[in-house]
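Below is one structure; the comments refer to it alone.
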Amino acid sequence: MMAKRSPAKSELRRASLDGLMASKEIVVACGPGGVGKTTTAAAAAAMAAAHIGGKVLVLTVDPARRLADALGLEGIGNTERRVPEETFLAAGVKPRGELWAAMLDTKESWDSLIRLHAPDDRTRDEILSNPLYLNISSRFVQSHDYIAMERLFEIHAGGIYDLIVVDTPPTRNALDFLDAPERMAEFFSSRLLRWLIVPYRSRLVNFASKPFYQIADRILGTQFLEDVAQFFVLFQSMYDGFVERAHAVHRLMADRRTSFIVVSTLEAVPLREAEFFAQALKDRRLHLGAIVLNKVLPAYLRDPQGAAVAEKLRDRADELADAIAPKVSSGDVSQIRRVLSEVGRSYLDYRVVAQREAEQQAELATVPEALVSVPYFETDVYDLAGLLRLGEQLWGS
């Protein structure tokens, strides 16, 4: 039997985004801010629902509320809501499946998690009313990243959706998103928290720790320390469950059913961040399914015939202006010359940038299964029809 041949670089890049979406259960879109990541995630989910079928959910954990506007869902929140089939029909598409959308509500998700894992009603109520819990669940940044992973795990475990597309915060925050479960487990088992909890459990403060509590009482106040201690004493009753879930979430991210899409532009700073994240995925042995490059100049700018036309406009502007002046209402030949010459120069300038972009794509350090280029759109994407137009570019159709 012949050994299976490893795919060549060019073959890997011909793989399609629709094939990736059809073969996975979770697709995580990540990348720098301001590169169209949220819109890309929504467009990919919309195309999957329209053309692959099944039940598709797009879940955003980005605090910005752009997703609801594009899907026409006002007040989108923690509970998944279906995009009406009529919205697809109005965009000229009859969907084969269903598209659902949700945006993470950190506080609501934390409350649900506590209700699910609390050992009894009393513990549940005491945690939900604890002042420190109220602050952590609504303001603590790591809390947002952690609960996002919990929410994703919960939705996937429910088995309701055939595909979940996740829109994450900007790149370096997305790394926190991946590491949050482990960091949260480490936080709850830290030495500092044990120092805070033990005296309030035993009501005994040993000689070595007494100075610490005397200083802490003066700085933070006794009531604050009691709130901290009570919260973590209560939380320890659920600690094993949290650690077990953290390991389960990590396994889910590394599972063959999960893939990542890195979204960027070819501008220097976003591209460096995208390559940084692609390498981070590789280091964590997570599957990089695609790199999507938004706002790429069109390929026709690199066509030699187009360049030849632009050079003629630039170099023979005088001759051409005289020839077309009778057909132009202004009749100002000097103005026509300037316009023709400037059009030719601008085209050639854009051609240089387009060639540089093509070289940048070829030099990407990490090769995904699919490399997708999305051109500039003349208008912003603000509705489902726009998402589907973008999706066609992602699909290569």
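The values are calculated or read from the model by the stated rules, or taken from the named source; none is laboratory data. No experiment lies behind these values; they were computed from the predicted model shown. No Cβ is skipped: glycine too gets one built from the backbone with ideal geometry, and neighbour counts run over all protein chains shown.
Being in a helix (DSSP H, G or I), under 30 Å from Ala278 (Cα atoms) and not assigned by TED's automatic domain parsing to the domain that holds Pro304: is that true of Leu390 here? Can you show your working first?
Numbers: in a helix (DSSP H, G or I): yes; under 30 Å from Ala278 (Cα atoms): yes; not assigned by TED's automatic domain parsing to the domain that holds Pro304: yes.
For Leu390, the condition - in a helix (DSSP H, G or I), under 30 Å from Ala278 (Cα atoms) and not assigned by TED's automatic domain parsing to the domain that holds Pro304 - is met.
Are there helices (runs of 4 or more DSSP H) fully within region 100-154 with at least 1 residues that are within 21 Å of the chain's Cα centre (by Cα) and modelled with pLDDT of 80 or more? List them.
Helices (runs of 4 or more DSSP H) meeting the threshold: 106-117.
Here's a check for you: in region 224-259, which residue that is among the hydroxyl-bearing types (Ser, Thr, Tyr) and modelled with pLDDT of 85 or more is nearest to the chain's Cα centre (by Cα)?
Ser259
Among the residues of region 78-96, how many are part of a loop (DSSP other than H, G, I, E, B) and closer than 17 Å to Ala41 by Cα?
The number of residues fulfilling the criteria is 2.
Identify, please: which residue in region 355-382 is touching a residue at least 60 places away in the same chain (Cβ under 8 Å) and aromatic (Phe, Trp, Tyr) and is, among those, farthest from Trp395 (Cα to Cα)?
Of everything passing the filter in region 355-382, Tyr382 is farthest from Trp395 (Cα to Cα).
Any residue at all in region 319-338 that's out of contact with any helix residue (DSSP H, G or I) (no Cβ under 8 Å at 6 or more places or on another chain) and at pLDDT 90 or above?
No, every residue in region 319-338 fails to be out of contact with any helix residue (DSSP H, G or I) (no Cβ under 8 Å at 6 or more places or on another chain) and at pLDDT 90 or above.
I'd like the full set of residues that are crowded, with 20+ Cβ neighbours inside 10 Å and modelled with pLDDT of 80 or more, limited to region 162-187.
Leu163, Ile164, Val165, Val166, Asp167, Thr168
Tell me, yes or no, whether region 52-66 has at least one residue that is among the charged types (D, E, K, R), surrounded by fewer than 23 Cβ atoms within 10 Å (Cβ to Cβ) and out of contact with any Asp or Glu (no Cβ under 9 Å at 6 or more places or on another chain).
yes
Taking the options Val262, Val269, name whichever one is buried (at least 20 other Cβ atoms within 10 Å of the Cβ) and either under 22 Å from the mean Cα position of the chain (by Cα) or outside the structural domain of His156 (by TED's automatic domain parsing) (or both).
Within the list Val262, Val269, the selection yields Val262.
Only residues that are farther than 18 Å from Gly396 by Cβ and out of contact with any Asp or Glu (no Cβ under 6 Å at 6 or more places or on another chain): list them for region 20-41, please.
Glu25, Ile26, Val28, Cys30, Gly31, Gly33, Gly34, Val35, Lys37
For region 315-354, name all the residues that are in contact (Cβ under 8 Å) with a residue 24 or more places away in the chain, within 30 Å of Lys295 (Cβ to Cβ) and surrounded by fewer than 17 Cβ atoms within 10 Å (Cβ to Cβ).
Val343, Arg345, Leu348, Tyr350, Val353
Considering (1) assigned to a helix (DSSP H, G or I); (2) under 30 Å from Ser23 (Cα atoms); (3) of a type in the set (S, T, N, Q), say which one Ser373 fails and leave the rest.
Only one criterion is unmet by Ser373, namely (1).
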